[in-house]
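Nothing in this text is a laboratory measurement; each read-out follows from the coordinates by a stated rule. Treat the numbers as computed from the prediction; the structure is a model and nothing was measured. For neighbour counting, all protein chains shown are included, and Cβ atoms are generated from backbone atoms with ideal geometry for every residue, glycine included.
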Amino acid sequence: MSRTGSWALALIAAIALAALAVIAAFGPRRPRARKGASAQPHTPLPADIEGALEAALAEASRKLLDALQRGDPQAYADQFAIDGLSMPGLGPVVRGRDAIAAAMTQTFYRIRFLQTDSSQLDVRLNGETALETGSYHYVVAANRTGIRRTLRGRYVIAWKRVAGEWKIALEAAQPEAVGEVSLPIDPTLTY
């Protein structure tokens, strides 16, 4: 295997482990009882709380995407908690708001984001933390050559409420991962 292939495999493994750690921290989703089953039914969030949470996270995500399009590294980093962790699909893992701003300064020196879009797939709330999964689609251009590229994939973000605002505790990207996730389904449970 080439050196690049080994590096890519190690990065994918690290992202998968981080995502599993975040999911484990939130605990398994409680299954809903099937008709006639004795398991405790899953209690979804009340519609007003679920809607408010999704709206708050969508607004925070909008600020993040706006910062990418403006090429504003500090505005991007400000969406993270002070000790936030960024695991971009390309590049090193970065910890802390100041380090994230520095990393984004380097990114914006190399490329500019022409179009940014993301789509929430799932949001789960656990007290003052929330786990969001979704997909992204960016069009970027190299600053030196102007050559355009499309970047797409999936992401996971662990949000935490800090002084009444949702900030990113951990974000991880999974580049080039597109399409639906197919998991084995237990026929006795409804998720």
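Every condition in (1) surrounded by fewer than 15 Cβ atoms within 10 Å (Cβ to Cβ); (2) under 27 Å from LEU53 (Cβ atoms); (3) in contact with a strand residue (DSSP E or B) (Cβ under 8 Å, 6 or more places away or on another chain) is met by PHE113 except one, and the failing one is (1).
Conditions first: (1) crowded, with 19+ Cβ neighbours inside 10 Å; (2) of a type in the set (Val, Ile, Thr); (3) touching a residue at least 40 places away in the same chain (Cβ under 8 Å). VAL93 passes all but one, so which condition is the exception? The number of the failed condition is (1). Per the conditions (1) charged (D, E, K, R); (2) within 24 Å of GLU176 (Cβ to Cβ); (3) touching a residue at least 40 places away in the same chain (Cβ under 8 Å), the sole criterion not satisfied by ARG149 is (3). Do we find a residue being surrounded by 14 or more Cβ atoms within 10 Å (Cβ to Cβ), closer than 18 Å to GLY164 by Cβ and without any contact (Cβ under 8 Å) to a residue 60 or more places away in the chain anywhere in the stretch 71-90? So far as the stretch 71-90 goes, yes, one or more of its residues are surrounded by 14 or more Cβ atoms within 10 Å (Cβ to Cβ), closer than 18 Å to GLY164 by Cβ and without any contact (Cβ under 8 Å) to a residue 60 or more places away in the chain.
Of the residues making up the stretch 75-132, those that are over 16 Å from the mean Cα position of the chain (by Cα) and β-branched (Val, Ile, Thr) number 4.
Suppose we filter ALA77, ALA101 for residues that are aliphatic (A, V, I, L, M), out of contact with any Ser or Thr (no Cβ under 7 Å at 6 or more places or on another chain) and closer than 14 Å to SER61 by Cα; which single one remains? Please lay out each step first, then the result.
Numbers: ALA101 fails: closer than 14 Å to SER61 by Cα.
One residue alone meets the criteria, ALA77.
Considering (1) in a strand (DSSP E or B); (2) crowded, with 18+ Cβ neighbours inside 10 Å, the lone condition that ARG124 does not fulfil carries the number (2).
Let's see how each residue does on (1) in contact with a strand residue (DSSP E or B) (Cβ under 9 Å, 6 or more places away or on another chain); (2) buried (at least 16 other Cβ atoms within 10 Å of the Cβ); (3) small (Gly, Ala, Ser):
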{"site": "HIS137", "(1), (2), (3)": "yes, no, no"}
{"site": "ALA142", "(1), (2), (3)": "yes, no, yes"}
{"site": "ARG149", "(1), (2), (3)": "yes, no, no"}
{"site": "ARG154", "(1), (2), (3)": "yes, yes, no"}
{"site": "LYS160", "(1), (2), (3)": "yes, yes, no"}
{"site": "TRP166", "(1), (2), (3)": "yes, yes, no"}
{"site": "PRO175", "(1), (2), (3)": "yes, yes, no"}
